[in-house]
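Note sheet for the following structure.
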Amino acid sequence: MENNINLVIDCRMVNNSGIGTYIEELLIFFLKDKKKSLKLITNKLSDDKIRKIVSDSGRKADIIFFKSMPFSLKEQYEYFTKLPKNAKIFIPHINIPFFVKKESLFITVHDVFHLANPEYYSKFAIFYFKFLFRMIKRNAHKIFTVSNFSKSEILRLVKVNPEKVEVIYNGYKQINKFDTTFVDPIIKQKMDDYEKVILFVGNVKPHKNLKFLVNVFNKLQRQDVLLLIVGKKDVFFINEKINNLENDNIFFTGFVNEDTLKYVYEKSSFLVLPSRYEGFGLPILEAMYFNKLIIASNIAVFKEIFENKINYFELDNETSLLNEINKLLLQNNYYKNYELFLKQFTWEISGEKHEKFLMR
């Protein structure tokens, strides 16, 4: 291990669901080695959380405070003026700095949804995303991604050298028991009112296929079953025009704190993830940690990662999903042990693989 390597990590998206988990868990791993020289980019939305993670680790790290948000023009000015010249730069999303030496720049591309599904974006947004990916292709020394499926999509749509792309699977978050004091009382009461709870966790964006799930759930016509939708509301939510969320047995939580998230995983009956497109599928790993049964769409990335450990339905086939849900609703025992399977998906393993490139 080289002790004189400075590593800068852009942590501004630490509160952004899956990417946020990725940043937080890798940062916790890197902070374990007190010999590493870490500099962490924060802004007003992320600074408190990052400082707490650093404080909890018992060591110090330098903070580079940005006033800008990711993907803004101002961030390019701050990248140019505030980044140290002799450091490796790790950007955990596609908001690439334009003026960093190629040998110093490491980028994570979780998926290429923007390029694979341009119909969800304006012409200007697509132009900007294509420009970012051209910059990534030209300037990134190494591109990390989270599945072989995502790598194949990067090669197909960005046309990069395959040797530049490194697949490193995500890990699952080892979560301590929740503190009921901090569990949202409205959500807790809502779950207590129903015999069985079907759980959806994730950003509410079109590729998550939530509108499809709601339509299928309405066909169940089971007043003793709750569909609990956990995720931050998004502009896409409005564009999708998802109806029937006013039904008593469909409940949208919006953003939840960590104790509430633990609670809903623990107390739900099973998870349904009907995605059309994903880079990985972290909620499935999280549900496995809580020994929950899982139903997911039969897309390539889920089959790659989760193999035969979960139940699949045919993508966008309402009858297929309805049949799988009914099968699980007939069960009384929703416990399944994934302990051996989960051993290959730890943040320790992921951190060590990132470290091999970032700290040598």
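The values are calculated or read from the model by the stated rules, or taken from the named source; none is laboratory data. Please read all numbers here as calculations on a predicted model, not as lab measurements. Virtual Cβ from ideal backbone geometry, glycine too; neighbours counted across all protein chains shown. Calculation scope for accessible area: heavy atoms of the full protein, side chains included, ligands and nucleic acids excluded. Shrake-Rupley method; radii C 1.70, N 1.55, O 1.52, S 1.80 Å.
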message: Filter region 87-114 down to the residues that are part of a helix (DSSP H, G or I) and either among the small types (Gly, Ala, Ser) or buried (at least 18 other Cβ atoms within 10 Å of the Cβ) (or both) and list them by number.
response: Ser104, Phe113, His114
message: With the structure loaded, tell me whether Phe149 is crowded, with 20+ Cβ neighbours inside 10 Å, over 18 Å from Tyr79 (Cβ atoms) and touching a residue at least 12 places away in the same chain (Cβ under 8 Å) or whether it fails that test.
response: yes
task: Restrict the check to region 171-188 and report whether at least one residue is in contact (Cβ under 8 Å) with a residue 24 or more places away in the chain, within 21 Å of Gly281 (Cα to Cα) and touching a Leu at 6+ places or on another chain (Cβ under 7 Å).
output: yes
query: Counting only residues that are among the basic types (Lys, Arg) and either under 20 Å from the mean Cα position of the chain (by Cα) or modelled with pLDDT of 95 or more (or both), how many does region 19-46 have?
result: 2
field: From Ser17, Ser55, Ser37, residue being closer than 23 Å to Lys356 by Cα, open to solvent by 10 Å² or more (accessible area, probe 1.4 Å) and hydroxyl-bearing (Ser, Thr, Tyr)
entry: Ser37
task: Confirm whether Phe149 is aromatic (Phe, Trp, Tyr) and assigned to a helix (DSSP H, G or I).
output: yes
- prompt: Applying the selection to region 152-190, what residues are part of a helix (DSSP H, G or I), aliphatic (A, V, I, L, M), open to solvent by 10 Å² or more (accessible area, probe 1.4 Å) and within 21 Å of Gly231 (Cβ to Cβ)?
  reply: Ile186
task: Go through (1) within 20 Å of Ile294 (Cα to Cα); (2) β-branched (Val, Ile, Thr); (3) surrounded by fewer than 18 Cβ atoms within 10 Å (Cβ to Cβ) and name the single condition Val201 misses.
output: (3)
- prompt: In region 1-18, which residues are at pLDDT 95 or above, assigned to a loop (DSSP other than H, G, I, E, B) and farther than 14 Å from Lys49 by Cα?
  reply: none
task: May I ask you to say which residue of Ile63, Ile41, Ile23 is of a type in the set (Val, Ile, Thr), within 26 Å of Val112 (Cα to Cα) and in a strand (DSSP E or B)?
output: Ile41
- line: Given (1) surrounded by 16 or more Cβ atoms within 10 Å (Cβ to Cβ); (2) polar (S, T, N, Q); (3) within 27 Å of Lys173 (Cα to Cα); (4) modelled with pLDDT of 95 or more, Gln76 misses just (3)
